[in-house]
1. Tell me the residue from 361, 356, 403, 422 that is assigned to a helix (DSSP H, G or I), touching a Cys at 6+ places or on another chain (Cβ under 8 Å) and not acidic (Asp, Glu), please.
2. Given (1) surrounded by fewer than 24 Cβ atoms within 10 Å (Cβ to Cβ); (2) touching a Leu at 6+ places or on another chain (Cβ under 7 Å), identify the lone condition not met by residue 390.
3. Out of the residues in the stretch 299-317 that are charged (D, E, K, R) and touching a residue at least 12 places away in the same chain (Cβ under 8 Å), state the one that is nearest to residue 510 (Cα to Cα).
4. Among the listed residues 150, 93, 146, 130, which satisfies the condition of being touching a residue at least 60 places away in the same chain (Cβ under 8 Å) and not β-branched (Val, Ile, Thr)?
5. Please give the number of the condition residue 146 fails out of (1) farther than 17 Å from residue 363 by Cβ; (2) buried (at least 23 other Cβ atoms within 10 Å of the Cβ).
6. Of 152, 182, 189, 176, which residue is small (Gly, Ala, Ser), assigned by TED's automatic domain parsing to the domain that holds residue 208 and at pLDDT 80 or above?
7. What are the residues in the stretch 474-513 that are in a helix (DSSP H, G or I) and among the basic types (Lys, Arg), if any?
8. Which of (1) over 23 Å from the mean Cα position of the chain (by Cα); (2) surrounded by fewer than 19 Cβ atoms within 10 Å (Cβ to Cβ) does residue 460 not meet, given it meets every other one?
Amino acid sequence: MSITRKGESSLADRPIAHHAGASHHGNPLRSPHPGYRPRHARAADAHRWWALVVIALAQLMVVLDATIVNIALPSAQHALNMSDANRQWVITAYTLAFGGLLLLGGRIADLAGRKRTFVIGLIGFAGASALGGAATSSGMLFGARALQGAFAAVLAPSALSLLTTTFTDPRERGKAFGIYGALAGSGSAIGFIVGGLLTEYLNWRWCLYVNVPIAIVAVLGAFALLHDRPGRTGVRLDVPGAVLGCGGLVAVVYGFSEAQPRGWTDPLVLSLFAVGVALLGAFVWWQRRAPVPLLPLHIVRERNRAGCFLTMLLAVIGMFGLFLFMTYYLQEILAYSPLRTGLAFLPLTVAIVIGATQISARLLQRVAPRALMVPGMVLAAGGLLLLTRLTVESEYTSEVLPALVLMGLGMGLTFMPVFATATAGVAPQDSGVTSATVNTSQQVGGSIGTALLNTIATTSSTAYIAARLHGPADRARVVPEGIVHGYTVAIWVAAAVMLLAALTAGLMVTARAPGHGAPAQREAVPEPVA
């Protein structure tokens with residue numbers, strides 16, 4: 001059982017907190033004296049922050065694994081004799097399993113206990129990573145990546161819900177979510193850096209093996225430091241909801257992954273989208289009738305939470321406009337090595353950490369979440385707009401670096417309040433599935449961003465080259481120009497999506513600053529207490 005300060009109890013403990021003496025305006029979450037901290041709470045602080053390190057390690061492992069393999073993919077393709085058509089499954093197998101099973105993983109965490117599923121997820125993820133690193137065939141690697149995604153779908157919502165239930169004091173919650181938001185926003189960029197180092201100085205297999213020591217440290221830390229309420233007994237899993245929801249998400253994510261190579265009007269792509277929409281529609285219908293739904297609809301109907309989910313989805317779509325094209329631009333146009341490409345993203349990572357931990361985490365107690373999210377998305381859009389001026393002769397320091405810094409600050413400002421607001425006020429028995437829904441928004445946004453922006457870039461490049469290529473002598477000049485032109489057109493679209501995310505946050509996320517008191521927080525995100 002975790003130790004909490006007086007007046008810092010979770011929503012499930014309201015009756016106890018009330019009798020503990022929250023006489024100030026009937027607020028059961030506020031201590032009787034400002035700044036009052038019992039001796040046992042002060043002793044627990046050190047353990048609580050060490051627990052955050054364990055949770056952060058697990059989250060970092062899941063997030064960076066989505067990109068660390070990208071750097072190693074060319075080497076893995078050569079080593080395992082993969083065809084160009086099949087190499088995408090190294091990425092797709094992971095995203096399909098991860099995105100499709102997140103809701104199920106979140107609900108399993110609620111039913112079985114978050115600490116238990118956290119540890120199981122870590123061990124399974126490490127085992128799948130070791131299997132992938134030792135792969136002797138492409139099929140073995142694809143299977144290992146799918147297993148990684150399945151265990152990540154259990155691990156990611158468990159990590160976020162443990163964070164939600166561990167840090168309930170508004171001030172501590174802001175700091176904790178600042179660190180978590182920094183990792184969520186910068187994990188992909190860190191993946192490029194780590195992937196470049198491992199690929200260049202060891203080999204591609206270490207991009208998978210590296211998860212094993214991280215997981216071992218996190219498992220040992222979890223047993224020593226993490227505390228959780230037991231899972232709910234006597235409650236059965238919503239199997240029809242799991243089949244419909246996970247099946248619909250798999251079909252949609254797979255449809256987007258196939259849209260780029262096949263085209264948006266390909267029969268398979270259209271069929272996948274149709275099946276996905278039908279299954280998700282049936283899922284919503286069933287959730288209204290299920291005795292214990294997989295995803296209680298009151299979670300997504302609440303205005304602020306729905307606004308956070310949608311803002312996250314749109315922000316990740318736009319973010320892929322940076323990661324996707326800048327990786328290719330730096331390596332193919334500016335001829336950077338994998339390591340140098342990874343290091344080029346370092347300013348972005350630093351800016352995200354500063355935005356999340358030094359700005360958002362400090363201001364969220366004083367300002368409304370949308371007062372951080374809207375400027376954050378506008379800053380990120382400004383960074384993308386700077387990149388629309390790229391040419392084949394652009395300089396990193398003068399044209400790429402300022403854009404990375406703006407983008408990083410914007411994502412740091414946005415991700416932290418999105419995570420904090422989306423998970424605030426949730427009943428403990430629903431924290432896992434709520435966390436899973438946040439992660440699902442990220443995953444679906446990444447799938448949409450990859451497919452949509454890739455298609456726009458490819459189409460624009462093809463049209464540009466066809467209009468200007470008049471003979472073989474023009475190829476050396478026109479083809480690189482056409483590729484960069486395609487990138488800039490797609491980045492224009494990504495910037496527009498970022499501005500749409502700003503508009504969404506401004507209109508839908510109306511929660512007040514947590515520092516204005518617990519009643520405001522509960523008013524912003526009302527939740528029935530079981």
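1. 422
2. Failed condition: (2).
3. 303
4. 130
5. Just one mismatch for residue 146, condition (2).
6. Working: 182 fails: at pLDDT 80 or above; 189 fails: at pLDDT 80 or above; 176 fails: at pLDDT 80 or above.
Result: 152 is the single residue among 152, 182, 189, 176 that is small (Gly, Ala, Ser), assigned by TED's automatic domain parsing to the domain that holds residue 208 and at pLDDT 80 or above.
7. 475, 477 - these are the residues of the stretch 474-513 that are in a helix (DSSP H, G or I) and among the basic types (Lys, Arg).
8. (2)
The values are calculated or read from the model by the stated rules, or taken from the named source; none is laboratory data. Because the structure is a prediction, the values reported are computed rather than measured. No Cβ is skipped: glycine too gets one built from the backbone with ideal geometry, and neighbour counts run over all protein chains shown.
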